[in-house]
Amino acid sequence: MMQHNLFISSFKSKRNRSSILVLLFVVFFLLGNKILNYLYWMEDDWCRVFWHNYYAQTENIDHIFLGSSHVYCGLNPEILDEKTQKNNFNMATPAQRLIESYYLLKEADRHNTIKKAYLELYYNPSTGNLGDYQNHISVLNGWKCMDHMKNSFYKLETLISINPSQYYLEAFFPYIRYREYIMDGDWIKECVEYKTSENYKEYIFNDGLGTFRDKGYYYTNLEVQELSFIRDRKPEEMHLTEEAEKYLRKIILYCQERNISLTFFTVPVHDIQLIATENYDSYASQIKEIATEYDVPYYDFNMVREEYLPIQDRQYFMNVGHLNAKGAELYTNFFYEIVSKSPEDNRKYFYDSYQEKLEYSEAKVYGIYRFNDNILEIQEGDMVKKIKKMIIASNREDELEYQVFWTPYSSKETTLLRDFSKNKEFDLPAEEYGNCTIVWRDISTKQKVGRIDLRN
């Protein structure tokens, strides 16, 4: 009997030692990860503060807004709270893909009784490389978005779902993304200084240009100076990728199953950006078809009639893609007017296509743009000269001709680059900055119609 008791005691002792060793391993593993993340992980400040403020909400969130930075720059939840008498929250993150929108929707629905979801459908995260959910740059945005979601089995499911298997380690252990800095003392010093700052500890986002408001709104008074755009999408890429469309449909079905009212919308950008895509209607029409299929309201505010929303002015934009505080106030108030009415009542406010909007607008030049890889080298004697191939962004193909002037900052001397011509393309020095002035006139009457001064 004593031998039997000794055997049991010995067995329990070994099991206890094993349990202690496992526990110690887990503790040291977690502690090691915490230290390595602290030393190497340069977190995305916007997403870190966003998640903190989201979980700090004590009242039920009634309405959520999903999408990219266009949402958190363009919609002010405080204005919407006052108008709707509901709790509105922007769950927008930089370059948010539809796969992240889907899991953010589900996370919000886990903690709140969501009555309405508004999904913003800016083309960039759903087309080209960003619309390829296997692409490393695309995956990177997913990490930033989900890094600071609270740890749970749902987060585990989310990380497994949004990451290709080859990126699991980097998704679960952020410091691994920075392994190239393993012996870089300056990088470690920068990370530590960043994480010991008051802004970091108090969850304050201030990038020197604007600040984060409590409900996911970026407040800035910055006004756009450069009406120029570098295009990174080819016209044939202006359509939802297969993966993006899959998650758009999953969002629709989830909302239908959960009885959540869903609305699609697109925040207005400056016209120069959409003209530069050269095929915006291809993307917008695809969204419209899916919205019609499921009877989801869809409002593309890039197609709104100017008399109802006169927002295409420098004073309303911080850059050609994002509204500033003045623009957000104008847009948020109009947005509320629209979503408070039925789609039938709203038809009069919108053109049927972006091309129709351009045709009904007065003939004008919006700015200049170029392709992201369109810098050429030209041999001039013993020297190599780099030039940028620029394109004039106007809303007419055959009715206008253009005169181009250039004043480099280095000399302040204005030169006529090109006299009046229908050709919209011209060259600028690639390594020099200055002011570009474009004058346009009617081809048939030869009367000057307008001019625009651009910094480039």
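The values are calculated or read from the model by the stated rules, or taken from the named source; none is laboratory data. Remember, predicted model here, so these are calculated numbers, not experimental data. No Cβ is skipped: glycine too gets one built from the backbone with ideal geometry, and neighbour counts run over all protein chains shown. To get the accessible areas, we keep the full protein, side chains included, count just its heavy atoms, and leave off ligands, DNA and RNA. Shrake-Rupley method; radii C 1.70, N 1.55, O 1.52, S 1.80 Å.
Dipole size of the range 237-289 about its Cα centre, with +1 on Lys/Arg Cβ and -1 on Asp/Glu Cβ: approximately 360 debye, rounded to the nearest 20. What's the tally of Lys pairs in the range 301-442 whose alpha-carbon atoms lie under 18 angstrom apart, where the two lysines are 8 or more places apart or on different chains? Counting lysine pairs in the range 301-442 gives 6. Extension gain, residue 31 to residue 397: 0.36 nm times the residue separation minus the Cα-Cα distance gives 125.4 nm. The calculated FRET efficiency for residue 226 paired with residue 308, based on their beta-carbon distance and R0 = 30 Å, is about 0.60. Between the entries (1) 4, 18, 27, 27, 16, 6, 2, 0; (2) 4, 21, 33, 27, 12, 3, 0; (3) 4, 17, 25, 23, 16, 8, 3, 2, 1, 1, 0, 0, the label attached to P(r) over Cα pairs in 10 Å bins from 0, in percent calculated for this structure is (3).
Only Cα pairs under 8 Å and 6+ residues apart enter the sum, and on that basis the relative contact order of the chain stands at 15 percent.
In terms of the Cα gyration tensor, with a ≥ b ≥ c the square roots of its eigenvalues, is the range 219-279 rounded because a/c is under 1.5, prolate because a/b exceeds b/c, or oblate?
Oblate shape, in that a/c is at least 1.5 and b/c is the bigger or equal ratio.
Computed from point charges on the beta carbon alone (+1 for Lys and Arg, -1 for Asp and Glu), the dipole magnitude for the range 80-140 about its Cα centre is near 220 Debye. The distance between label points at residue 176 and residue 198 comes to 3.8 nm (points 7 Å beyond Cα on the Cα→Cβ vector).
Candidates 194, 290, 447 compared by Cα position along the dipole of the chain: farthest toward the positive end lies 194, with charges placed on Cβ.
Pairs of Cα atoms nearer than 8 Å and 6+ residues apart set the relative contact order; for the range 60-119 it is 52 percent.
Dipole magnitude for the chain: about 1720 debye, using +1 per Lys or Arg Cβ and -1 per Asp or Glu Cβ, origin at the Cα centre. Converting phi to 3J(HN,Hα) with the Karplus coefficients 6.51, -1.76 and 1.60 and the offset θ = phi - 60°, the range 197-204 yields 6, 5, 4, 5, 5, 9, 6, 10 Hz in sequence order, with x at every glycine or proline.
The residues of the chain present an accessible area of 51 Å² per residue when probed at 1.4 Å with all protein chains retained. Using equal-weight Cα scatterers in the Debye expression, the normalised intensity of the range 174-246 in log10 at q = 0.12, 0.18, 0.21, 0.23 Å⁻¹ is -0.77, -0.99, -0.95, -0.98.
Counting only DSSP H runs of at least 4 residues, each contributing -39500 (n - 2.57), and dividing by the residue count of the chain, the helix-based mean residue ellipticity at 222 nm comes to -12500 deg cm²/dmol. In the range 252-350, if the dipole is taken from +1 on Lys/Arg beta carbons and -1 on Asp/Glu beta carbons about the Cα centre, which of 319, 276, 264 is farthest to the positive end? My answer, from the dipole projection, is 319. What a 1.4 Å probe finds exposed on the chain is 51% carbon and sulfur by accessible area, rounded to a whole percent.
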